[in-house]
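Let me begin by presenting the structure, written as structure tokens, before commenting on it.
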Amino acid sequence: MMTNSKAAKTRVDKDFNVNGFWYVYDRPNGKIVGKIAENTPAGVIMRTDTGTLVNGEANNWVYLKLFVPIGTYAYAYMKETTLFEVVPKYTFTIQSGRKNVNVRDLPNQTTSKVLKKLNGGQIVGKSNGDKVNGFILFELATGGIGFVSENYVTTVSTERTDPEVPKPADPADKTTTEKSGTWISNFFGDANKQAVKYSLLGAGVLLLGLLIGSRFKKKKKNA
């Protein structure tokens, strides 16, 4: 069962439509008054009438306020199996700098009723970008269905653009390269490496001097 006051669009089904069109009727199982192309916004759902069972399935009829009247028919019926309920996804606003942009109940400038006027930056509502006669179909932010000329609206991005935060290093995740280096830096640390190096060098020179002096005394004694 379709939801009243929502927009309906014709299905795409090459196996069952008539040359890319679906028939429109004056009443359930009544006279054909026209046709609407597949994948086209058809009208506002006014109600759904339950029909007789056909092959175990309800043969329901949807009563529509047509977006584009057919002859004298502003309201008509279509089989529920030929339609689906529109679920809009994207938010639109009026383009910056625009003033007094008309929101209409129908996609035309002659017989439509102006529902309200909006200015630049104001939210129109949600839409999938479906167009009829150059007007975009909207589920209005204030409720109901409406149309605005495609020349006056723009989409609002819904994607998040949060900066990527680097993941902190895990202290337990140490690699062997972090422990590489000389035995001096590993034992005493990088900060004391130079001082320790010079101390060891001085001790080596002193030890060498003592060794040479000891040998010199020994030779002198033997002489």
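The values are calculated or read from the model by the stated rules, or taken from the named source; none is laboratory data. Predicted model, so just to flag it, every value in this text is computed and none were measured. Reconstructed Cβ throughout: ideal geometry from the backbone, glycine too, with neighbour counts over all protein chains shown.
At a glance:
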item: All positions within segment 1-21 that are assigned to a strand (DSSP E or B), of a type outside the set (D, E, K, R) and either within 26 Å of the chain's Cα centre (by Cα) or surrounded by 12 or more Cβ atoms within 10 Å (Cβ to Cβ) (or both); result: ALA7, ALA8, THR10, PHE21
item: Hits in segment 22-33 (condition: over 21 Å from ASP130 (Cα atoms) and in a strand (DSSP E or B)); result: TYR25, ILE32, VAL33
item: Where ILE32 falls short, out of the listed (1) loosely packed, with under 15 Cβ neighbours inside 10 Å; (2) over 32 Å from the mean Cα position of the chain (by Cα); (3) in contact (Cβ under 8 Å) with a residue 12 or more places away in the chain; result: (3)
item: Filter result for THR93 (among the polar types (S, T, N, Q) and under 27 Å from LYS35 (Cβ atoms)); result: no
item: Residues of segment 85-114 that turn out to be farther than 17 Å from GLY144 by Cα and either within 27 Å of the chain's Cα centre (by Cα) or buried (at least 20 other Cβ atoms within 10 Å of the Cβ) (or both), as a count; result: 6
item: Residue count for segment 1-39, restricted to those that are hydroxyl-bearing (Ser, Thr, Tyr) and either touching a Pro at 6+ places or on another chain (Cβ under 9 Å) or more than 12 Å from ILE70 (Cβ to Cβ) (or both); result: 3
item: Condition met for ASN133 (within 13 Å of VAL103 (Cα to Cα), of a type outside the set (Lys, Arg), surrounded by fewer than 17 Cβ atoms within 10 Å (Cβ to Cβ) and out of contact with any Leu (no Cβ under 7 Å at 6 or more places or on another chain)); result: no
item: ILE36 being modelled with pLDDT of 95 or more, closer than 20 Å to ASP15 by Cα and either of a type outside the set (Lys, Arg) or in a strand (DSSP E or B) (or both); result: yes
item: Complete set of residues in segment 117-150 that are at positive phi and part of a strand (DSSP E or B); result: GLY125
